[in-house]
1. Restricting attention to region 22-32, which residues are over 17 Å from residue 56 (Cα atoms) and in a helix (DSSP H, G or I)?
2. Let me confirm something: among 113, 76, which residue is within 30 Å of residue 33 (Cα to Cα), surrounded by 10 or more Cβ atoms within 10 Å (Cβ to Cβ) and without any contact (Cβ under 8 Å) to a residue 60 or more places away in the chain?
3. Scan region 30-45 and give yes if some residue there is at positive phi, touching a residue at least 12 places away in the same chain (Cβ under 8 Å) and surrounded by fewer than 20 Cβ atoms within 10 Å (Cβ to Cβ), otherwise no.
4. Given the options 102, 51, 119, 130, name the one that is loosely packed, with under 10 Cβ neighbours inside 10 Å and basic (Lys, Arg).
5. Can you tell me how many residues within region 54-73 are surrounded by 13 or more Cβ atoms within 10 Å (Cβ to Cβ) and within 14 Å of the chain's Cα centre (by Cα)?
6. Within region 1-21, which residues are in a helix (DSSP H, G or I) and either outside the structural domain of residue 63 (by TED's automatic domain parsing) or surrounded by 16 or more Cβ atoms within 10 Å (Cβ to Cβ) (or both)?
7. Would you mind finding the one in 26, 41 that is over 20 Å from residue 70 (Cα atoms) and over 21 Å from the mean Cα position of the chain (by Cα)?
8. Kindly list the number of the only condition in (1) part of a helix (DSSP H, G or I); (2) farther than 20 Å from residue 13 by Cα; (3) of a type outside the set (S, T, N, Q) that fails for residue 60.
Amino acid sequence: MIIARTDARAVLGLDEAIWRANAAFEAGADMAFVEATQSLEEVAAVPRSVRGPCLLNMVPGGRTPCNDVRQAEALGYKLALLPGLLLMATIDACDAALAEVRRNHVAPTPQGGVAETFRRVGSDEWDALRQRFNAGARATKVA
């Protein structure tokens, strides 16, 4: 999928950004991403004015004032990006875990245990790769 992004709104205005998004569709793009709409009226205007599926970048505290995925869908957006969501949640979880250590002087046990935590982030796959490439390294050294 080719997503055509335009940042023209910030410098040249919404009309130019919409024109560029439509030009991208004429050139073969599959989706348009008009970055940094600055009001709910602009957010709503993009999917009405762009002749193809649109993406909305939803950054809490960013320039685009829409942060409700149901509202974005109702306005006609086909895809929403939530670029900082997991990073912010991770930072909050780290802060909470460290605060717990500070309060209780004990590291909290991960839900499901350490082995399950590592499995959730792919340790089994990494172990398989490690074994595969270590076996190849040993064979190369012997030869």
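1. Once the filter is applied, which keeps residues that are over 17 Å from residue 56 (Cα atoms) and in a helix (DSSP H, G or I), region 22-32 yields 23, 26.
2. When all the criteria are applied, what remains is 76.
3. Our first condition is that a residue be at positive phi; within region 30-45, this holds for 36.
With touching a residue at least 12 places away in the same chain (Cβ under 8 Å) added as a condition, the list becomes 36.
Then drop every residue that is not surrounded by fewer than 20 Cβ atoms within 10 Å (Cβ to Cβ), which leaves 36.
Looking through region 30-45, at least one residue is at positive phi, touching a residue at least 12 places away in the same chain (Cβ under 8 Å) and surrounded by fewer than 20 Cβ atoms within 10 Å (Cβ to Cβ).
4. Numbers: 51 fails: loosely packed, with under 10 Cβ neighbours inside 10 Å; 119 fails: loosely packed, with under 10 Cβ neighbours inside 10 Å; 130 fails: loosely packed, with under 10 Cβ neighbours inside 10 Å.
One residue alone meets the criteria, 102.
5. 7
6. 8, 9, 14, 17, 18, 19, 20, 21
7. Checking each option against the conditions leaves just 26.
8. All conditions pass for residue 60, except number (1).
The values are calculated or read from the model by the stated rules, or taken from the named source; none is laboratory data. Everything numeric in this text was worked out from a predicted model, so none of it was measured. Every residue, glycine among them, receives a Cβ derived from its backbone with ideal geometry; neighbour counts consider all protein chains shown.
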